[in-house]
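Below you'll find the structure, written out as structure tokens, and then a few comments.
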Amino acid sequence: MALKDITLGQYFPGNSVVHHLDPRTKLIAVALYIVALFLAAGPVTYGLMFAVLAVSIGLSHVPVKSILRGMKPVIFILVFTAALNILYTPGTHVLAKFWVFTVTLEGIARAFYMVIRILMLLAGTFLLTYTTSPILLTDGLESLMNPLKRLRVPVHELAMMMSIALRFIPTLIEETDKIMSAQRARGADFESGSLIQRAKALLPLLVPLFISAFRRADELAVAMECRCYHGGEGRTRLRQLKYSGQDYFTLAFFLAVAAGTGVLGYFGV
């Protein structure tokens, strides 16, 4: 797996319908989509969620290969999750039995649905960051959490920290790739040996990576101070967030999908 396969936090500029939606709409839609995914219980509901995801990806014009590439880092988690569900799910239709493990038809079905759920969950959340710039994502989060200000919760600071964290993921990945390339040129080997040996070979990356991260953080702090940034009080925005007809339609659609999936999932379909 190459570091370039990690695409979390990247933004793909575009002019699609999904790109033009209000960031608050996309955040709420993703939350409803996740709720609907966990309410899905059978082939009908999972097929419905897959159709919703496919339409969303098609409308966003984000390349499917970019979404699939971003899922490569979680292949091990998917395999591990599937194995646990297959080996530890009880059932009446036993297919194989060895030592303390029993493979059942119900376990295979549960593993399949669990893997599909994780993949669709990742694709939906990736689509949010792919189609929403960090600035708009920060404004949307702050607007949605605005009622918490009455409880003296530092809403703006929390939203800013989450946005900066998402923005710096691709930057740190790119920096790590550069450091690894430089050390390979000096004879370092990151790919041969056992898993433990390869993990030990990555330890020399930590010091230059931390130094680079702290340097970038200091540069960001200086840049924010030079622009007279003092938190959210009195801050104005270049783009004011306003709901449009497309936003209301999208919210109603995802609310209907969540409600419909909940009803169908209750009957196990």
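The values are calculated or read from the model by the stated rules, or taken from the named source; none is laboratory data. What you see is a predicted model, and the numbers here were worked out from it, not measured in a lab. FYI the Cβ positions are ideal-geometry reconstructions off the backbone, even for glycines, and counts take in every protein chain you see. For accessibility, only protein heavy atoms count, side chains too; no ligands or nucleic acids. Shrake-Rupley method; radii C 1.70, N 1.55, O 1.52, S 1.80 Å.
Take the conditions (1) among the hydroxyl-bearing types (Ser, Thr, Tyr); (2) crowded, with 17+ Cβ neighbours inside 10 Å; (3) assigned to a loop (DSSP other than H, G, I, E, B); Thr25 misses just one of them, which is (3). Number of residues in the range 238-250 that are among the hydroxyl-bearing types (Ser, Thr, Tyr) and open to solvent by less than 60 Å² (accessible area, probe 1.4 Å): the value is 2. When restricted to residues that are open to solvent by 80 Å² or more (accessible area, probe 1.4 Å) and over 22 Å from Thr250 (Cα atoms), the range 30-77 contains 7. Filtering the range 166-209 to residues that are within 30 Å of Leu136 (Cβ to Cβ) and of a type outside the set (Asp, Glu) leaves Leu166, Arg167, Phe168, Ile169, Pro170, Thr171, Leu172, Ile173, Thr176, Lys178, Leu209. Flag not set for Lys242, criterion: without any contact (Cβ under 8 Å) to a residue 12 or more places away in the chain and of a type outside the set (Phe, Trp, Tyr).
Within the range 181-204, can one find any residue that is surrounded by 12 or more Cβ atoms within 10 Å (Cβ to Cβ) and β-branched (Val, Ile, Thr)? No, because not a single residue in the range 181-204 is surrounded by 12 or more Cβ atoms within 10 Å (Cβ to Cβ) and β-branched (Val, Ile, Thr). Given the structure, is Ala221 farther than 20 Å from Ala31 by Cα and aliphatic (A, V, I, L, M)? So Ala221 passes the test. Filter the range 145-176 down to residues that are over 17 Å from Phe214 (Cβ atoms) and among the polar types (S, T, N, Q) and give me whichever is nearest to the chain's Cα centre (by Cα). Filtering the range 145-176 for residues that are over 17 Å from Phe214 (Cβ atoms) and among the polar types (S, T, N, Q), the one nearest to the chain's Cα centre (by Cα) comes out as Ser163. Cβ-Cβ contacts under 9 Å between residues 6 or more apart (or on different chains), taken from a first residue in the range 251-265 that is open to solvent by less than 20 Å² (accessible area, probe 1.4 Å) to a second residue that is at pLDDT below 95 and not in a helix (DSSP H, G or I), are listed as Thr261/Ala40; Thr261/Ala41; Gly265/Ala40; Gly265/Ala41; Gly265/Gly42. Just one residue in the set Ser212, Ser192 is among the small types (Gly, Ala, Ser), modelled with pLDDT under 90 and part of a loop (DSSP other than H, G, I, E, B); that residue is Ser192. Only one entry in Gly107, Gly91 is among the small types (Gly, Ala, Ser), over 23 Å from Lys26 (Cβ atoms) and open to solvent by less than 30 Å² (accessible area, probe 1.4 Å), namely Gly107.
Restricted to the range 92-187, the set of helices (runs of 4 or more DSSP H) holding at least 1 residues that are at pLDDT below 85 comprises 134-144, 155-185. Total residues in the range 61-97 satisfying the condition of being among the small types (Gly, Ala, Ser) and farther than 21 Å from Gly107 by Cβ: the figure is 2.
Once the range 84-130 is narrowed to residues that are farther than 30 Å from Ser163 by Cα and aromatic (Phe, Trp, Tyr), the residue that is nearest to the chain's Cα centre (by Cα) is Tyr113.
Yes/no per residue for (1) under 28 Å from Pro170 (Cα atoms); (2) under 18 Å from the mean Cα position of the chain (by Cα):
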site	(1), (2)
Tyr11	yes, yes
Asn15	yes, no
Leu32	yes, yes
Gly42	no, no
